[in-house]
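Peer 1: Following this message is one structure expressed as structure tokens.
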Amino acid sequence: MSDPIRPQPGILDIALYEGGAAHVAGMSDAVKLSSNENPFGPSERAKEAFQRAVHKLHRYPSSDHTALRQAIGEVHGLDSTRIICGVGSDEILHLLCQCYAGPGDEVVFTEHGFLMYRISTLASGATPVEVRERERVTDVDALLAACTPRTRLVFIANPNNPTGTMIGLAEIERLADGLPPQAILVLDGAYAEYVAGYDGGAWLATTRPNVFMTRTFSKIYGLGGLRVGWGYGPKAIIDVLNRVRGPFNLSTAQLDAAEAAVRDQDWVDRCRADNTRLRSWLAEALMERGVPSDTSTANFILARFADEAEAVACDAFLQSHGLIVRRVAGYKLPNCLRITVGDESACRRVAHAIGQFKAAKTPAAAAPEGGGA
């Protein structure tokens, strides 16, 4: 009798990725603050480009993404021949694992890092190596200590998801310099645009042969529903990735909308400024209500509660008030809730609701003893 049909080793070890919840049973107008989406949506220029694309639906899209790569290169001052575009930055991360890691190899990432690092590693047959963080901040010394002759990729998100914390370029440079010669440092810059003056690691990916940067249009550009991302790094790595990338992985509508979006930097600046203002307000409001968080550099707050039971109870309370946030026990943060920075109305609603939740948990002050009126 022949062997049963089986998937490749590592596949069945993958826990299915669960995105942020989008609905609350019985509510049609719940506010979604669970997926780090831009509450202001894409720019008008991106919307118009998407609408115009309807007239080209019968044509195959560009297979080399030249127009989008050139637009990205012009805006960021990068060599467009060193840019690759994918179905969100997730596809680029997956291609890196597919091309550079396999059975017997190791892929290193931090304990609270993006879940796709583990998923893509296991899908390639490689071994995931999880490294501790220091108070929810990437620890360069711990990452370097975890590297071995089998290490092929090291992933860090900067700013990190779901913690919102980040490390400086000097620390990233030290990490790149300390890696073994066969390893690639992958800088996941999904939230890089939320940090004024930060290039996401582009300079390091330009000047070092072992550094690669990924970015996305899903966050500040407001195109999460279209799934467009890009990567930048050494030409040799780009050439390898393009050999396995599907030739028509992005549609014309995706390409045109993303090109218009990246050329509208005024919209990006406005969204960054609004996010910075509202993020500071929300963090302070939650702190006043007894819910601390680390300094976030992204478009969300990682709210910390006393324990998992309190976090779960608060999540249920918020849902009952039509507010959807993200539980992050899967990121080994069971006592936390990740809360997207929404528009001003959403921020005020969630702060008020958490204040109500905390107040309901606090016992009323005991009545004074003695006679009364």
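The values are calculated or read from the model by the stated rules, or taken from the named source; none is laboratory data. Computed from a predicted structure; not experimentally measured. Note that we place each Cβ from the backbone using ideal geometry, even for glycine, and neighbour counts take in every protein chain shown.
Peer 1: If Arg338 meets every condition in (1) part of a strand (DSSP E or B); (2) surrounded by fewer than 23 Cβ atoms within 10 Å (Cβ to Cβ) apart from one, which number is that one?
Peer 2: Unmet for Arg338, out of (1) part of a strand (DSSP E or B); (2) surrounded by fewer than 23 Cβ atoms within 10 Å (Cβ to Cβ): (2).
Peer 1: Surrounded by fewer than 24 Cβ atoms within 10 Å (Cβ to Cβ), over 19 Å from the mean Cα position of the chain (by Cα), of a type in the set (Val, Ile, Thr) and part of a loop (DSSP other than H, G, I, E, B), is that true of Thr148?
Peer 2: For Thr148, the condition - surrounded by fewer than 24 Cβ atoms within 10 Å (Cβ to Cβ), over 19 Å from the mean Cα position of the chain (by Cα), of a type in the set (Val, Ile, Thr) and part of a loop (DSSP other than H, G, I, E, B) - is met.
Peer 1: When you go through (1) in a helix (DSSP H, G or I); (2) surrounded by 18 or more Cβ atoms within 10 Å (Cβ to Cβ); (3) within 22 Å of the chain's Cα centre (by Cα); (4) not assigned by TED's automatic domain parsing to the domain that holds Asn161 one by one for Ala273, which number turns out not to apply?
Peer 2: Exception for Ala273: condition (2).
Peer 1: Residues that are assigned to a helix (DSSP H, G or I), assigned by TED's automatic domain parsing to the domain that holds Ala30, touching a residue at least 24 places away in the same chain (Cβ under 8 Å) and of a type in the set (Gly, Ala, Ser): does the stretch 279-294 have at least one?
Peer 2: Looking through the stretch 279-294, at least one residue is assigned to a helix (DSSP H, G or I), assigned by TED's automatic domain parsing to the domain that holds Ala30, touching a residue at least 24 places away in the same chain (Cβ under 8 Å) and of a type in the set (Gly, Ala, Ser).
Peer 1: Just checking, does the stretch 246-258 include any residue being under 30 Å from Asp177 (Cβ atoms) and part of a loop (DSSP other than H, G, I, E, B)?
Peer 2: Let us first name the residues in the stretch 246-258 that are under 30 Å from Asp177 (Cβ atoms), namely none.
No, there is no match, as no residue in the stretch 246-258 is under 30 Å from Asp177 (Cβ atoms) and part of a loop (DSSP other than H, G, I, E, B).
Peer 1: Yes or no: Cys85 within 27 Å of Thr121 (Cα to Cα), out of contact with any Ser or Thr (no Cβ under 9 Å at 6 or more places or on another chain) and surrounded by 14 or more Cβ atoms within 10 Å (Cβ to Cβ)? Show your work before the answer.
Peer 2: On the way: within 27 Å of Thr121 (Cα to Cα): yes; out of contact with any Ser or Thr (no Cβ under 9 Å at 6 or more places or on another chain): yes; surrounded by 14 or more Cβ atoms within 10 Å (Cβ to Cβ): yes.
Here the answer is yes, as Cys85 does meet what is asked.
Peer 1: Could you list, in sequence order, all residues of the stretch 341-373 that are in a loop (DSSP other than H, G, I, E, B), charged (D, E, K, R) and at pLDDT 90 or above?
Peer 2: Selection gives Asp343 alone.
Peer 1: To continue, here is another question. Of the residues Ala30, Ala53, Ala67, which is touching a helix residue (DSSP H, G or I) at 6+ places or on another chain (Cβ under 8 Å) and outside the structural domain of Phe217 (by TED's automatic domain parsing)? Outline the logic, then answer.
Peer 2: Numbers: Ala53 fails: outside the structural domain of Phe217 (by TED's automatic domain parsing); Ala67 fails: outside the structural domain of Phe217 (by TED's automatic domain parsing).
Checking each option against the conditions leaves just Ala30.
Peer 1: Only one of Val140, Val87, Val131 is under 18 Å from the mean Cα position of the chain (by Cα) and among the aliphatic types (A, V, I, L, M); which?
Peer 2: Details: Val140 fails: under 18 Å from the mean Cα position of the chain (by Cα); Val131 fails: under 18 Å from the mean Cα position of the chain (by Cα).
Step by step, each of Val140, Val87, Val131 is checked, and only Val87 is under 18 Å from the mean Cα position of the chain (by Cα) and among the aliphatic types (A, V, I, L, M).
Peer 1: So which residues in the stretch 299-333 are under 17 Å from the mean Cα position of the chain (by Cα) and free of Cβ contacts under 8 Å to residues at least 24 places away in the same chain?
Peer 2: Arg327, Ala329
Peer 1: Of all residues in the stretch 175-201, count the ones that are farther than 24 Å from Cys97 by Cβ and in a helix (DSSP H, G or I).
Peer 2: Applying the first criterion (farther than 24 Å from Cys97 by Cβ) to the stretch 175-201 yields 193-199.
If we keep only those that are in a helix (DSSP H, G or I) as well, we get 193-194.
Residues in the stretch 175-201 being farther than 24 Å from Cys97 by Cβ and in a helix (DSSP H, G or I): 2 in total.
Peer 1: Quick one: Ser34 ticks every box in (1) surrounded by 16 or more Cβ atoms within 10 Å (Cβ to Cβ); (2) modelled with pLDDT of 95 or more; (3) not in a helix (DSSP H, G or I); (4) not aliphatic (A, V, I, L, M) bar one, so which box is it?
Peer 2: Unmet condition: (2).
Peer 1: Let me ask something else about it. Taking the stated definitions as given, is Arg263 in contact (Cβ under 8 Å) with a residue 40 or more places away in the chain, surrounded by fewer than 24 Cβ atoms within 10 Å (Cβ to Cβ) and out of contact with any Ser or Thr (no Cβ under 8 Å at 6 or more places or on another chain)?
Peer 2: On the way: in contact (Cβ under 8 Å) with a residue 40 or more places away in the chain: yes; surrounded by fewer than 24 Cβ atoms within 10 Å (Cβ to Cβ): yes; out of contact with any Ser or Thr (no Cβ under 8 Å at 6 or more places or on another chain): yes.
So Arg263 passes the test.
Peer 1: Would you check if Phe212 is assigned to a loop (DSSP other than H, G, I, E, B), in contact (Cβ under 8 Å) with a residue 60 or more places away in the chain and out of contact with any Asp or Glu (no Cβ under 8 Å at 6 or more places or on another chain)?
Peer 2: So Phe212 fails the test.
Peer 1: Okay, next question. Would you please list the contacts, defined by Cβ atoms under 7 Å and residues six or more apart or on different chains, that run from a residue in the stretch 178-201 that is aromatic (Phe, Trp, Tyr) to a residue that is not in a loop (DSSP other than H, G, I, E, B)?
Peer 2: Listed by first residue and then by second, the contacts come to Tyr194/Arg272; Tyr194/Asn275; Tyr198/Ala192.
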